[in-house]
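Asker: Before we start, here is the structure in question, set down as structure tokens.
The values are calculated or read from the model by the stated rules, or taken from the named source; none is laboratory data. Since the model is a prediction, treat every value here as computed from it, not as a measurement. All Cβ positions, glycine included, derive from the backbone under ideal geometry; neighbour counts span all protein chains shown.
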Amino acid sequence: MCTIELKEDSLIAGGVLGGITAYYMSKKSVEEVIMRVMTDAQREKLAASVAVVIAKLPVKDPASLLPFLQNNQHAKEAVLQVVFAFIEEEMKLHIVD
């Protein structure tokens with residue numbers, strides 16, 4: 001019969017590795033949170049919040065909204081700020097870069 005002797009260093013390394021693995025497995029993209037974690041009611045509430053920001057933009061044609069956001073950093077940041085605030089405040093999740 002073979003015995004394995006665990007040393008303190010092995011236990012520490014295993015704990016650190018397990019912690020790091022758990023951390024990375026718990027990370028989700030904003031897209032995953034919206035599509036898989038949010039309820040339908042939360043998605044509707046987020047959409048309404050984003051619609052308020054979009055209504056203030058000088059774009060009335062839906063087809064030109066995406067190009068406008070891609071070329072206007074201020075507008076893009078305004079929309080993202082609403083999304084991030086919703087995720088952090090309503091869902092109590094922390095966003096990291």
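Asker: Looking only at region 18-54, count how many residues are at pLDDT 60 or above, exposed (fewer than 12 other Cβ atoms within 10 Å of the Cβ) and either of a type in the set (Ser, Thr, Tyr) or farther than 20 Å from residue 91 by Cα (or both).
Answerer: Selection size over region 18-54: 5.
Asker: Further question on the same structure: If residue 69 passes every condition in (1) modelled with pLDDT under 75; (2) of a type outside the set (D, E, K, R); (3) farther than 22 Å from residue 96 by Cβ but one, which one does it miss?
Answerer: (1)
Asker: Please identify the pairs in which a residue from region 45-69 that is free of Cβ contacts under 8 Å to residues at least 60 places away in the same chain has its Cβ atom under 8 Å from the Cβ atom of a residue that is charged (D, E, K, R) and part of a helix (DSSP H, G or I), counting only partners at least 6 apart or on another chain.
Answerer: So the pair list comes out as 69/76.
Asker: Could you please tell me which pairs satisfy a Cβ distance under 9 Å, a separation of 6+ or placement on different chains, a first residue in region 78-97 that is within 17 Å of residue 40 (Cα to Cα), and a second residue that is among the basic types (Lys, Arg)?
Answerer: That search, which allows pairs on different chains as well, returns 86/45; 90/45.
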